[in-house]
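Read-outs: derived from the displayed coordinates by stated rules, not from any lab. Computed from a predicted model, the values in this text were never measured in an experiment. Backbone-built Cβ (ideal geometry, glycine too); neighbour counts: all protein chains shown.
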Amino acid sequence: MGMDMYAENILDHYKNPRNFGKLNNPTGTYKDSNPLCGDEVEIQLQLSGDKIDDVAFTGRGCAISQASTSMLTEQIKGKEIGHVKKFTQQDIVSMLGISIGPTRMKCALLGLRTLQKGLWGMSAPSDLTNLQ
Ligand code: ZN
């Protein structure tokens, strides 16, 4: 799959990731990887009560994994933590704006899965099982 197939917003987030870096005083740090593709992300949250005051991430890997995590951080910053729990595979696909095959879906969901697993022990967004 060539880079030219990716939508411009994905390349933009890949080259200029939002909320990239580390927080000074994170409430939680969540790490995960996608060995199939070699993607890694580490996401940090600064919570105040149930609200996500700040979020930052670092990572490496393919454009889909890094762009989707970057977009996710933009979506959840300032929101209630419960918002993250309700995020679905379809939300991620809509956010990316391209169709994602089963293999690439693991890349696309890495950031969300990292948070949902770290926060609630969710192994994967519930509708991901439909693909496997
Ligand atoms: Zn990947």
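Structure data summary
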| read-out | value |
| --- | --- |
| Sequence of Thr29, Thr69 once ranked by neighbouring C-beta atoms within 10 Å, starting from the fewest | Thr29, Thr69 |
| Dipole in debye (nearest 20) - the stretch 3-126, about Cα centre, beta carbon charges: Lys, Arg +1; Asp, Glu -1 | 220 |
| Approximate shape of the chain as ellipsoid semi-axes (Cα gyration tensor, √5λ), whole Å, largest first | 22, 17, 13 |
| All Cα pairs of the stretch 16-88, percent lying beyond 19 Å | 31 |
| Residue-averaged 222 nm ellipticity for the chain, from DSSP H runs of 4+ at -39500 (n - 2.57), nearest 500 | -11500 deg cm²/dmol |
